Amino acid sequence: MKIAILSRRPQLYSTRRLFEAAAARSHDVRIINTLRCYMNIRSEKASIHYHGQQLDDIDAIIPRIGASDTFYGAAVVRQFEMMGVFAANEAIAITRSRDKLRALQLLSKKGVGLPPTGFAHSPEDIPDLIKMVGGAPLVIKLLQGTQGRGVILAETKQAAESMIDAFTGLKENTLIQQFIKEAQGCDIRCFVVGQKVVASMQRQAQEGEFRSNLHRGGKAAPVEITEAERHTAITAARIMGLHIAGVDLIRSNQGTLLLEVNSSPGLEGIEKATGVDVATSIIEFIETHAKRHHRKPPNG
């Protein structure tokens, strides 16, 4: 099978592991810089070109698209889909999960437990919004933030109002969420492949920090999850339409709550913490499902 990994950074652990796992299973695999793909958009025969050559022999793609490249990256994935190529994660699912507000609205509609969350446009509504989520301390999240960037803990109502007002002045949209103090800077990352949680780890924020992201100094360890947590992770990925997802959960006095669903979850932290070969699980999923995926005719 010919597999393309869409990634701008071939040296990244996740990209390298996927390449190695695919090659180990005798696939013809290559890494393609998403932003160097260019598209011929036509009704007769849609195509994608790369370094002057047409990519017309790819069977499956694995999108590894950074948040800043979502718009163009999703367009490239969509073009491959139009050509009948199997996508490990489809463009519509990627864009749905990257829109944090839309994702939370869809998840809440389906009854997935979330921390009390608020969103408003007018600064005049912020005091009532803060009251709505349970008051300070609370977490302020930029809609465009990733890996813990743009996530701030406001200790007081006054601090929260000042921060939100500052972001509004910069034309940045923010969510506010109840701070789950009892979690003590700890959350759970569930790695979903298909309809299975193939690995799960607990992430603990470093002392003095409330964000548990490994990029911000958090520590990871394997963790046993409950059947309810497993069900929540799988359900959240399915609601987003993602075949491969990192689902972040937090244990609270209200039960386990969902924080976020990631369409390009990193492999390094979870593979090293758990010893699970997640990369091979992804390749096995592609092998099974790409075979069932029939290419559309060029004019289809």
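The values are calculated or read from the model by the stated rules, or taken from the named source; none is laboratory data. Computed from a prediction, not measured in an experiment: that's the story for all the values here. For neighbour counting, all protein chains shown are included, and Cβ atoms are generated from backbone atoms with ideal geometry for every residue, glycine included.
Does I65 satisfy the condition of being of a type in the set (V, I, T), part of a loop (DSSP other than H, G, I, E, B) and touching a Ser or Thr at 6+ places or on another chain (Cβ under 9 Å)? Yes, satisfied.
Selection of segment 200-212 for residues being at pLDDT below 70 and in contact with a Cys (Cβ under 7 Å, 6 or more places away or on another chain) yields only S212. Residue pairs whose Cβ atoms lie under 8 Å apart, sitting 6 or more positions apart in sequence or on different chains, and linking a residue in segment 269-298 that is more than 12 Å from H243 (Cα to Cα) and in a loop (DSSP other than H, G, I, E, B) to a partner that is among the charged types (D, E, K, R) and at pLDDT below 95, are P298/E44; P298/K45.
Could you check segment 97-116 and list, in sequence order, the residues that are in contact (Cβ under 8 Å) with a residue 24 or more places away in the chain and either hydrophobic (A, V, I, L, M, F, W, C) or surrounded by fewer than 19 Cβ atoms within 10 Å (Cβ to Cβ) (or both)? Once the filter is applied, which keeps residues that are in contact (Cβ under 8 Å) with a residue 24 or more places away in the chain and either hydrophobic (A, V, I, L, M, F, W, C) or surrounded by fewer than 19 Cβ atoms within 10 Å (Cβ to Cβ) (or both), segment 97-116 yields D99, L101, A103, L104, L106, L107, K110, V112, G113, L114, P116.
Restricting the search to segment 178-210, which residues are of a type outside the set (A, V, I, L, M, F, W, C) and touching a helix residue (DSSP H, G or I) at 6+ places or on another chain (Cβ under 8 Å)? I'd like the intermediate steps shown before the answer.
Our first condition is that a residue be of a type outside the set (A, V, I, L, M, F, W, C); within segment 178-210, this holds for 178, 181-182, 184-185, 187, 189, 194-196, 200, 202-204, 206-209.
Correct list: R189, G194, Q195, K196, S200, R203, Q206, E209.
Among the residues of segment 82-94, which ones are part of a helix (DSSP H, G or I) and modelled with pLDDT under 95? Break it down stepwise before answering.
Taking segment 82-94 first, the residues part of a helix (DSSP H, G or I) are 82, 91-94.
Passing the criteria: only M82.
Within the set V139, V197, V192, the sole residue that is at pLDDT 85 or above, among the β-branched types (V, I, T) and over 22 Å from L101 (Cβ atoms) turns out to be V197. In segment 165-177 there is at least one residue matching the filter, namely being surrounded by fewer than 16 Cβ atoms within 10 Å (Cβ to Cβ) and in contact with a helix residue (DSSP H, G or I) (Cβ under 6 Å, 6 or more places away or on another chain). Kindly indicate whether I152 is part of a helix (DSSP H, G or I) and at negative phi. So I152 does not fit the description; no. Taking segment 1-60 as the range and being assigned to a loop (DSSP other than H, G, I, E, B) and either touching an Asp or Glu at 6+ places or on another chain (Cβ under 6 Å) or hydroxyl-bearing (S, T, Y) (or both) as the test, the residues that pass are M1, S7, S26, S43. With respect to the conditions (1) surrounded by fewer than 18 Cβ atoms within 10 Å (Cβ to Cβ); (2) out of contact with any Pro (no Cβ under 7 Å at 6 or more places or on another chain), E155 falls short on a single one, namely (2). Please enumerate the residues belonging to segment 39-56 that are surrounded by fewer than 13 Cβ atoms within 10 Å (Cβ to Cβ), within 18 Å of A74 (Cβ to Cβ) and touching a strand residue (DSSP E or B) at 6+ places or on another chain (Cβ under 8 Å). N40, the sole residue that qualifies.
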